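In what follows, a structure is listed as structure tokens, so that the remarks can point back to it.
The values are calculated or read from the model by the stated rules, or taken from the named source; none is laboratory data. Since the model is a prediction, treat every value here as computed from it, not as a measurement. Here the Cβ positions follow ideal geometry from the backbone for every residue, glycine too, while neighbour counts run over all protein chains shown.
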Amino acid sequence: METLKWVECPRDAWQGFSRFIPTAEKVSFLGKLLEAGFRHLDLTSFVSPKWVPQMADAEEVLAALPPPEGRTYLAIVANEKGLERALGARNLTHVGYPFSLSETFQRKNTNRSLAESWPLVAAMVRATEGRLGLVVYLSMAFGNPYGDPWSVEGVLEAIGRLRELGVREIALADTYGVADAERIREVLERAVARFGPEGLGAHLHARPEGVLAKVEAVLGAGVRWLEGALAGVGGCPFAGDELVGNLPTEVVLPHLAARGYATGARLEALPRLAQEAARLRALYG
């Protein structure tokens with residue numbers, strides 16, 4: 001079977017919940033993911049508790065986890081202060097920076113313009129070298145609802161500029177879940193043609209009926225890095241459609257296995273874990 005990198009994203013699932021999930025509950029759920037064979041986790045963020053109170057316990061959660069030992073533990077950072085916290089955290093292996101191709105969304109999401117974001121990315125490359133992996137998430141990579149300029153060539157230019165800065169891992173995100181499978185495949189095919197598939201991923205949001213078509217678009221383009229969350233929990237809080245969520249792990253991973261792709265996760269554990277993810281949403285969402 002061909003290996004496919006699947007990133008499980010409880011951080012993306014939890015960040016919009018209205019009630020705080022106790023730290024012990026977070027650690028317990030993450031431990032179950034590790035026991036089930038998940039190897040890449042997007043599990044917390046180092047942002048101000050004023051903006052994302054759910055992630056106020058980032059350091060405590062990471063410290064309570066077993067050492068990564070070859071697994072990926074990633075946290076999102078949005079500024080220099082968050083990066084400083086991440087560099088001092090136990091067990092963390094990677095940081096992720098959300099870089100929107102939409103000026104409007106970048107200001108909404110990070111309170112920073114695109115022009116201000118490029119120097120920050122360069123500083124992150126320097127600060128993380130030899131210490132942490134760096135993933136840049138290119139949000140609004142498949143279009144945006146604001147009327148901000150967008151083109152496939154603009155996406156490719158952004159990837160090229162990130163590569164020149166030394167960013168090796170770049171995930172293209174369909175932040176609002178509105179891009180159809182054809183556009184996703186077109187953008188990813190052109191990115192792979194120009195830069196090769198190595199270090200390129202897709203973080204997609206979708207309505208339930210559109211999930212597998214988007215997965216097939218990614219596979220067809222030659223990309224072998226996908227992200228999602230059990231029970232499809234989470235997604236963009238600005239999307240305005242409660243049915244648009246993360247790709248549901250318990251749906252996608254069996255489909256991938258049937259197509260000959262291995263992720264390392266145990267398929268028999270997925271129904272129980274999806275129930276647990278839905279329980280957390282019911283309790284705290």
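Of note:
- Candidate set from segment 41-53 (those that are surrounded by fewer than 22 Cβ atoms within 10 Å (Cβ to Cβ) and of a type outside the set (A, V, I, L, M)); member that is modelled with the highest pLDDT: Pro53
- Checking each residue in segment 122-142 for being farther than 17 Å from Thr104 by Cβ, touching a strand residue (DSSP E or B) at 6+ places or on another chain (Cβ under 7 Å) and among the aliphatic types (A, V, I, L, M) picks out Met124, Val125, Leu132, Leu134, Val135, Val136.
- Of the residues examined, Lys32 is not one that is under 18 Å from Thr128 (Cα atoms), out of contact with any Lys or Arg (no Cβ under 7 Å at 6 or more places or on another chain) and not aromatic (Phe, Trp, Tyr).
- For segment 227-234, the condition of being in a loop (DSSP other than H, G, I, E, B), surrounded by fewer than 22 Cβ atoms within 10 Å (Cβ to Cβ), of a type outside the set (Lys, Arg) and at positive phi holds for none of the residues.
- Among the residues making up segment 160-194, a single one is surrounded by 21 or more Cβ atoms within 10 Å (Cβ to Cβ), of a type in the set (Gly, Ala, Ser), more than 16 Å from the chain's Cα centre (by Cα) and under 20 Å from Leu212 (Cα atoms): Ala179.
- Boolean, Val233 is touching a Gly at 6+ places or on another chain (Cβ under 8 Å) and more than 26 Å from Ala278 (Cα to Cα): no
- The residues on offer are Ala179, Ala193, Ala171, and the sole one that is of a type outside the set (Ser, Thr, Tyr), touching a Phe, Trp or Tyr at 6+ places or on another chain (Cβ under 9 Å) and either modelled with pLDDT under 95 or assigned to a helix (DSSP H, G or I) (or both) is Ala179.
- Residue in segment 12-20 that is surrounded by fewer than 22 Cβ atoms within 10 Å (Cβ to Cβ), part of a loop (DSSP other than H, G, I, E, B), among the hydroxyl-bearing types (Ser, Thr, Tyr) and touching a helix residue (DSSP H, G or I) at 6+ places or on another chain (Cβ under 9 Å) present: yes
- Looking across segment 63-96, the residues that are at negative phi, modelled with pLDDT of 95 or more and assigned to a loop (DSSP other than H, G, I, E, B) come down to Leu65, Pro66, Pro67, Pro68, Arg71, Gly88, Ala89, Arg90, Leu92, Thr93.
- When Phe99, Phe105, Phe38 are screened for being among the aromatic types (Phe, Trp, Tyr), crowded, with 18+ Cβ neighbours inside 10 Å and in a loop (DSSP other than H, G, I, E, B), only Phe38 passes.
- Some residue of segment 263-282 being in a loop (DSSP other than H, G, I, E, B), of a type outside the set (Phe, Trp, Tyr), on the phi > 0 side of the Ramachandran plot and out of contact with any Gly (no Cβ under 7 Å at 6 or more places or on another chain): no
- In segment 127-159, of all residues being under 25 Å from Ala193 (Cβ atoms) and of a type in the set (S, T, N, Q), the one that is surrounded by the most Cβ atoms within 10 Å (Cβ to Cβ) corresponds to Ser139.
- Residue within segment 105-121 that is in contact (Cβ under 8 Å) with a residue 24 or more places away in the chain, among the aromatic types (Phe, Trp, Tyr), touching a strand residue (DSSP E or B) at 6+ places or on another chain (Cβ under 9 Å) and under 30 Å from Phe20 (Cα atoms) present: yes
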